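Student: To start, I am sharing the structure in question, which I have written as structure tokens.
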Amino acid sequence: MHKILKEILTKTQADIRKFKQSVNTFSKALTNPKSGSTAIIAEIKLASPTAKNLGQPAKVKDKAKEYELAGADCISVVVEKHFFHGDPKFIKEIKQTVSLPVLCKDFIIDSYQVYQVKQLGADAILLVARIVSEKQLVTLVNLAKEIGIESVVEINSQGDFEKTLKTNTQIIAVNARNLDTFEVNIDKACQLLKIIPNTFIKLGFSGIITREDVLKYQKAGVNGVLIGTSLMKTKNIDEYLKGILS
């Protein structure tokens with residue numbers, strides 16, 4: 001092998017090692033929260049089917065900065081356009097504004113979307129077990145890992161959980177919102193969380209309004225919770241986050 005080619009390959013191997021070391025910033029933030037107990041994933045969403053007009057596109061970067069200053073561990077951004085008024089470009093805007101790991105939330109059903117999320121700079125991607133087959137879920141988790149994005153698999157039932165166990169994900173989120181009815185039941189979510197082995201990073205999604213809601217998730221053994229609508233509505237983010245964790 002030519003000397004120059006050897007040097008190129010040596011440099012390439014070094015770059016790959018450096019890249020691999022930089023991966024998993026999202027999970028590290030979840031397992032080493034600033035509060036010392038439960039990680040906070042602060043969500044940016046401009047609307048939802050159950051809550052209209054939560055924010056404006058022009059304020060996305062300001063909101064991300066507010067979250068970071070208030071002590072959030074990660075930021076979640078909903079990029080679905082039609083019902084949540086999101087935009088994939090929000091990922092890049094947020095990454096350019098704050099140093100926190102970013103979770104992209106969308107309804108991922110195709111590998112193309114995973115590549116897009118990677119290109120825009122997200123650290124993690126949400127994969128909803130309910131909306132894809134077991135085979136698709138396995139494929140999407142493997143693809144995310146291959147290109148350097150962590151996957152968070154969202155579940156809402158025992159069937160979702162069993163499907164998730166077939167994948168290589170390390171992070172499982174239980175959504176208290178049933179996507180069939182849109183009803184929120186934190187108690188049911190906590191029952192499901194308790195059967196998930198502690199070998200996984202466990203997250204609680206949806207329904208958080210008060211400190212008591214966080215306590216329920218904490219007692220169920222979560223590493224972190226995602227807070228969306230309540231944070232988008234509050235006028236004092238710093239005070240709100242301190243209140244639900246103290």
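Every number in this text was worked out from the coordinates using simple rules, so none of it is lab data. Keep in mind that what you see is a predicted model, and the values were worked out from it rather than measured. So basically every Cβ, Gly included, is an ideal-geometry build from the backbone, and we count neighbours across all protein chains shown.
Student: So if R0 is 22 Å, what FRET efficiency would T50 and D187 give, r being the distance between their Cβ atoms, rounded to the nearest 0.05?
Tutor: For T50 and D187, the calculated efficiency is 0.70.
Student: Another one. Any chance you could give the angle, 0 to 90 degrees and rounded to 10, that helix 111-120 forms with the longest Cα principal axis of the chain?
Tutor: For 111-120 against the chain, the angle is about 90 degrees.
Student: Among the listed pairs K28/K235; K45/K219; K92/K166; K118/K235; K45/K65; K65/K202, which have their C-alpha atoms separated by more than 24 angstrom in this model? Could the numbers behind the result be given before it?
Tutor: On the way: K28/K235 29 Å; K45/K219 27 Å; K92/K166 31 Å; K118/K235 32 Å; K45/K65 15 Å; K65/K202 26 Å.
In this structure, K28/K235; K45/K219; K92/K166; K118/K235; K65/K202 exceed 24 Å between Cα atoms.
Student: Tell me the net charge near K52. Cut-off is 14 Å between Cβ atoms, K52 excluded, with +1 for each Lys or Arg and -1 for each Asp or Glu.
Tutor: Combined, the nearby Lys, Arg, Asp and Glu give +2.
Student: Output the 0 to 90 degree angle, nearest 10, between the alpha-carbon long axis of helix 3-22 and the longest principal axis computed from the alpha carbons of the chain.
Tutor: The two axes meet at around 10 degrees.
Student: With angles folded into 0 to 90 degrees, how steeply does helix 60-70 sit against the dominant principal axis of the chain? Use alpha carbons for both and round to 10.
Tutor: Its long axis makes an angle of about 80 degrees.
Student: Related question: With each run of n ≥ 4 DSSP H residues scored as -39500 (n - 2.57), what mean residue ellipticity at 222 nm is computed for the chain after dividing by its residue count and rounding to the nearest 500 deg cm²/dmol?
Tutor: When only DSSP H runs of four or more count, the value is -13000 deg cm²/dmol.
Student: Projected area of the chain, taken from the Cα convex hull and averaged over every viewing direction, in nm²?
Tutor: Its average projected convex-hull area is 14.3 nm².
Student: Taking the simple approach of a point 7 Å from Cα along Cα-to-Cβ for both N198 and T139, what is their distance in nm?
Tutor: Between N198 and T139, the simple spin-label model gives 3.7 nm.
Student: Under 10 Å, Cα contacts only: if you run a Gaussian network model on the chain, which one of E183, E93, E150 comes out with the highest mean-square fluctuation?
Tutor: E183
Student: Hey, another quick one. Kindly state, to the nearest 0.05, the FRET efficiency for T31 paired with L179, given R0 = 35 Å and r defined as their beta-carbon distance.
Tutor: 0.80
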